1. Please enumerate the residues belonging to the stretch 76-98 that are closer than 29 Å to Ala437 by Cβ and outside any strand (DSSP E or B).
2. Need pairs with beta-carbon distance below 6 Å; first residue more than 14 Å from His155 (Cα to Cα) and modelled with pLDDT of 95 or more and within the stretch 179-193, second part of a loop (DSSP other than H, G, I, E, B) and within 16 Å of ligand 1 (Cβ to nearest atom); sequence gap 6+ or separate chains.
3. All but one of (1) farther than 18 Å from Ala429 by Cα; (2) within 16 Å of ligand 2 (Cβ to nearest atom); (3) surrounded by fewer than 24 Cβ atoms within 10 Å (Cβ to Cβ) hold for Gly91; which doesn't?
4. Has the stretch 115-128 got at least one residue that is surrounded by 22 or more Cβ atoms within 10 Å (Cβ to Cβ), of a type in the set (A, V, I, L, M) and closer than 23 Å to Glu173 by Cβ?
5. Based on this model, can you work out whether His73 counts as assigned to a helix (DSSP H, G or I) and surrounded by fewer than 17 Cβ atoms within 10 Å (Cβ to Cβ)?
6. On the given criteria, is Leu120 under 15 Å from Ala370 (Cβ atoms) and part of a loop (DSSP other than H, G, I, E, B)?
7. Looking at the stretch 125-135, which of its residues are within 13 Å of ligand 1 (Cβ to nearest atom) and not acidic (Asp, Glu)?
8. Of the conditions (1) surrounded by fewer than 23 Cβ atoms within 10 Å (Cβ to Cβ); (2) of a type in the set (Lys, Arg); (3) not in a loop (DSSP other than H, G, I, E, B), Arg304 clears all except one; give me its number.
Amino acid sequence: MSYVNEVIAQVIKENPNEPEFHQAVKEVLLSLEPVVAQHEAQFRRDALLERLVNPERQVKFRVPWIDDNGQVHVNTGYRVQFNSAIGPYKGGLRLHPSVNLGIIKFLGFEQIFKNSLTGLPIGGGKGGSDFDPKGKSDREIMAFCQSFMTELSKHIGADTDVPAGDIGTGAREIGYMFGQYKRLQNQFTGVLTGKGLPFGGSLARTEATGYGLLYITQEMLRCHNIDIAGKTICVSGAGNVAIYAIEKAQQLGAKVVTCSDSTGWIYDPDGIDIALLKEIKEVKRARLTEYLAGRPNAQYNDGRGVWSIPCDIALPCATQNELTLDDAKQLVANGVTAVSEGANMPTTEDATAYLQEQGILFLPAKAANAGGVATSALEMSQNSERLHWTFDEVDAMLKGIMVNLYHNIDEAAKKYNFDGNYIVGANIAGFEKVMEAMMAQGIV
Ligand code: NDP
Ligand code: 2IT
């Protein structure tokens, strides 16, 4: 058995019941084969891959909080500090009932390589809780966030580990967590990113993941002589990433015809009304059924289905494994040209393989959605120098980072004779820097 396959087998054996973590590890390690082949003896002696797949530290804790009726609830909190070879741990906090250790580990593992690809000095981490923010009052959200941060604050710091948003964690939650951290530590530091603008947040961080997704997709298409203007795009999700992906796609002259949430999906042949979508999701925190008012040609359907709508470009921006093999077949049958992952690991293993076999341009999440964490790193820089940059300055840096990132993964793929395979390119380019840093730092 090859070294890579030995390590994969070991991960599966030692981490049972964590299928998403297995999936992420397999996808990365298998594509590293050509690099591993060049250094196999040294990697084996130094157990480099074994260290790579084992988090440096994992924290799991009780989060008790009181609801508006005086009832106490207990959730589980997690922070997985996966790899700090190239910088402080960095990654979001997911609040969703589906959260468990395996989900946080898959996200933390992906984050190592994504963060490396940004070119900025940030290590990989992820956290969250099985808390469900849906339907909770602001006071209940605050109670949860304060309790969560009371324990988390012992493990993070501006130069140690800097959490941020993810599913279910936006500006409101980051604000409550920041307030509690400051109160406990008596320190005003850049310990979280995605903060509100009056207390150290960066302009363009809210938009960054969605905008970055479009910047890198546009660059990939441009390099294949395809103009994004005039193209039809299907987006899934209706949260932070989806909203700003739709906004930027429209600014670039494309037409986005779908979006979705966990209860249903919208098809709007006239193009999604972004102001209406923001009002429903960012202001009212309501369901997509409300979209129908005032949109005569729009349709709402319960369940899932955005990938059944014909499009040139598909942007999955909701959650993991939301684009299946059947969806991929439907997209290809409808003539899709490109798939770029806004969410983390949204495409199943078999769907990814199928899209690649069919010659579809495919940008994997760790490259495509890296604009969010890259801009978080820019927020950290601004906090360190106690200055604010303008929206245009941050946005221009984000664009530069995403364009560079595309060329780095494209070159890495070519170097190992996988021309056009951006999965291999992203995994190798992300790994190389982390590997060099790990080797230079000795056995730690
Ligand atoms: P949000 O919570 O803002 O939005 C998530 C969206 O996806 C909502 O519309 C939600 O619907 C839907 N969704 C979530 N879980 C499910 C599910 N199990 N089934 C169906 N729909 C679901 O999160 P973000 O937009 O921040 O995150 C979306 C994805 O992007 C995630 O994979 C995240 O890890 C990734 N990402 C986020 C970054 C960021 O900066 N925020 C950066 C890089 C990646 P509903 O509201 O009904 O639950
Ligand atoms: O998946 C991700 O990259 C994020 N949720 C953003 C992490 C961050 O630190 O901004």
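1. Ser84, Ala85, Ile86, Gly87, Pro88
2. Matching pairs, first to second residue: none at all.
3. (3)
4. Kept after step one, since they are surrounded by 22 or more Cβ atoms within 10 Å (Cβ to Cβ), are these residues of the stretch 115-128: 115-118, 122-128.
Pick out the ones that are also of a type in the set (A, V, I, L, M) and you get 117, 122.
Then keep just the ones that are closer than 23 Å to Glu173 by Cβ; that gives 122.
Yes, because at least one residue in the stretch 115-128 is surrounded by 22 or more Cβ atoms within 10 Å (Cβ to Cβ), of a type in the set (A, V, I, L, M) and closer than 23 Å to Glu173 by Cβ.
5. Details: assigned to a helix (DSSP H, G or I): no; surrounded by fewer than 17 Cβ atoms within 10 Å (Cβ to Cβ): yes.
The answer is no for His73.
6. On the way: under 15 Å from Ala370 (Cβ atoms): yes; part of a loop (DSSP other than H, G, I, E, B): yes.
Here the answer is yes, as Leu120 does meet what is asked.
7. Scanning the stretch 125-135 gives Lys126, Gly127, Gly128, Phe131, Pro133, Lys134, Gly135.
8. The single condition Arg304 does not satisfy is (3).
The values are calculated or read from the model by the stated rules, or taken from the named source; none is laboratory data. Because the structure is a prediction, the values reported are computed rather than measured. Using ideal geometry, Cβ is built from the backbone for each residue, glycine included, and neighbour counts are taken over all protein chains shown.
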